[in-house]
Each structure stands twice: as structure tokens, then as C-alpha cells.
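Every read-out reported here was derived from the displayed coordinates using simple, explicitly stated rules and does not represent laboratory data. Note that the coordinates shown come from a computational prediction; the quantities given were computed from them, not determined experimentally. Here the Cβ positions follow ideal geometry from the backbone for every residue, glycine too, while neighbour counts run over all protein chains shown.
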Amino acid sequence: MFGPLGSMQARVAVEKEHKPVRAMSGADQGPFDLMYFLKGAFSGGVCCGITHGALCPVDVVKTRMQLEPTKYTGMISGFRKVIAEEGVGALATGLGPTAVGYFIQGWFKFGGVEFFKIQQASYFGVEKAWEYRFPIYLSSAAAAEFIADIFLCPLEATRIKLVSNPSYASGLISAFPKIIADEGFISGFYSGFIPILFKQVPYTMAKFAVQGAAQEKICDMTSIDLTTAPESTKVSVSLASGVIAGVAAAIISHPADTLLSVINKPGAGGKGTMFVRLGRVAAELGFVKLCLTGLPARCIMIGTLTAGQFGIFDTVMAFTGASKFHFTDPAELEHK
């Protein structure tokens, strides 16, 4: 996606006879070349790897609550039970696959969203891009997340196996060959691919679209101009809009997250195809448990995580010297 062909396509798209993509200040943006997309991908990898890694203890307890809801009945009590029975180190179970998996996922997700978003905005021009900005957010996020999940799924399956059974392997490197030997490559790593798509694609679509809308509202209500605001203000806006986006995305994607956690348990759903097994698991859990089991913990986790991701992404992008793409209201350009 970010090879020489992608770079050439990006430059060709920007140079088309459509109206140039402009920043909120009215100045031409770019250049959106290979280096820009690599910076966006790297920033995405850093922000996702750091935030998911930092929240690994919360994810451990949340996953245990989904797998054993009668034993782990709440977040605080879950933390106490894990520490009492297995020690503090158990809260870092799955840290390796979490950090590596989400760095790779963030690379393709954030980098991909920038790529697809800019291509569409460049094609439509300023006025149509502004009018269609939310469909552009949604389609860009869906395409980028689908690609990212191909790489994330094996690492997420490994993380869940380690969290559900800490004695399964000592870590990422030892778990990979054991999973292949026990279950095979496809069954071991991609049994959860469909639920991870149902979880991550709606989650990412909501995440970027809601964050964009929330950022606009915050700026409108506080009269903040992101083109002239200091970096600290920009990061504050990203953090606030990220919390809103994270909670919305967590609620939307939670049923699939519960399915993903359960389907990776050995023997979950019995024999049969992936869809048959998923159907059995969903029927056993019921609609209410699918939607609500572990939801408060996940809202806390995803709200915090999403805010951190957008804040870190903007910070790293600025550090690399890249100027992040923004949609432009044509009405604002007329007054510049």
C-alpha cells in the first residue's frame, strides 16, 4: 500500500485537475508522497503499540470477565482476584503479542486511513470533500482496518490464548509454534477473523468519524482554530474528542469483542465451520450478555486508549515534521 506504486498514485492524484486539497488555513497541503504516508503509518504504530501495551492489565481483567463471568464479576474485584491467585505479573500476560500486534495494526490502520482519506479528498476537491467528509472517514477507516486485521488476527488469537491459559506458553515466541502444532495455522490463528472484522471495522469506522465530528464541535463551541492553536491545545482537543469517540466505538463493537474472546477458547462452539461455531457461542451467551458482559471495563479501556492514540498520533506526526491532513470548510476559505 505504501510502496513506489502507492507513492506514484498519491502524487498523480494530488496533481489532477481537481481543486487542490487545502488545509484549514487555506494553504495547500502536502506533499502527500511516500514519506508522508510512512510517517503516518509509523505514528499510528507508535500510538497503538504504546496505548494497548499500557492498558494490558485492564485488557487481561476484561478478557477474564468475558471468559469466566461467574468468577470475575467486576473490574476492581477482578484485579484483586488475579493478583491474589497469580501475582502482579499475571496482569502483564499477553503483553508481547499485544504490543507487537497493535503496532502492526496501528501502522496499517492510521497510515491506511490517511492514504484512503487523502486519495478521496484529492479526487473530490475541497467542496465535495467537505460535503462527503463523514462518508470518506467511514470508507477510509473500513478499508484500512480490513487490511490491518489480516496482520492483527494471529497476534490477537495468541494474546487471548495466553490470557485465558497463562500456562499455555511463556510468551509470544513460544506460543506461535505451539498453536500451529496444536491447531494448525488457519484454525489456530484465524478462527476469530470474522468476529475480529465485526469488532474492529465498526469500531474503527465509529472511532474516526465520531472523533472528527467531536473535534469539530469542540472547536466550534470553544472558538479554537486548530491552524493557529498551540500544540498543547491541539493535543487537548484530540484527547477530549478521542474519549467521546472511544466510548461510542466501544459500545458499537462490544458484542463482537465478546464473541472474539470466547471463540478463541479451546473447544468453544464445538465442531463445525467458523460461522456454525460463532452461532452456537452467540446462542449460548444470549443477546444481553453479548452486549453487556465486560462493557463498563471496555468503555473505560477504549475511551482512555482512543484518547491516547489520537493525542500520541498528532504529537508523533508533528515530531516527524509532517503536517496532518484536514478537511476544509469552503465557507472558511471565502473569508481568508
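Over the chain, dividing the summed -39,500 (n - 2.57) contributions of all DSSP H runs of at least 4 residues by the number of residues returns a 222 nm mean residue ellipticity of -25500 deg cm²/dmol.
With neighbours defined as other Cβ atoms within 10 Å of a residue's Cβ, the residues Asp329, Asp149 order from fewest to most as Asp329, Asp149.
Quick one, could you list the DSSP H helices from the chain stretching 24 Å or more along their long axis (Cα atoms) with average Kyte-Doolittle hydropathy of 1.0 or above?
On the way: long enough: 34-54 (30 Å, 0.98); 95-131 (45 Å, 0.14); 133-164 (41 Å, 0.88); 193-222 (42 Å, 0.40); 231-263 (43 Å, 1.17); 295-319 (35 Å, 1.16).
Long hydrophobic helices here: 231-263, 295-319.
Panel order for Arg133, Arg298, by other beta carbons found within 10 Å of each beta carbon, from fewest to most: Arg133, Arg298. Each listed q (0.07, 0.11, 0.14 Å⁻¹) maps to a log10 I(q)/I(0) for the chain, found by the Debye formula over equal Cα scatterers with no solvent: -0.31, -0.72, -1.08. Only the Cβ atoms of Lys and Arg (+1) and of Asp and Glu (-1) were treated as charged; on that basis the dipole of the chain about its Cα centre amounts to roughly 940 debye.
Remark: relative contact order (the range 34-327) = 24 percent; criterion is Cα-Cα distance under 8 angstrom and separation of 6 or more residues.
Within the same chain, aspartates and glutamates fewer than 8 places from Lys271 are excluded, and of the rest, those with a Cα less than 16 Å from its Cα are Asp182, Glu183, Glu284.
Tell me, Cys47, Cys291, Cys299 in order of fewest to most beta-carbon neighbours within 10 Å? Intermediate values should be presented prior to the final figure.
Details: Cys47 27, Cys291 13, Cys299 18.
Taking fewest neighbouring Cβ atoms as first place, the list is Cys291, Cys299, Cys47.
Centre-to-centre, using Cα atoms only, the range 238-257 and the range 81-134 are separated by 12 Å. In terms of distances greater than 32 angstrom between alpha carbons, the cross-link table entries Lys128/Lys217; Lys39/Lys81; Lys207/Lys289; Lys161/Lys324; Lys109/Lys234 yield Lys39/Lys81; Lys161/Lys324.
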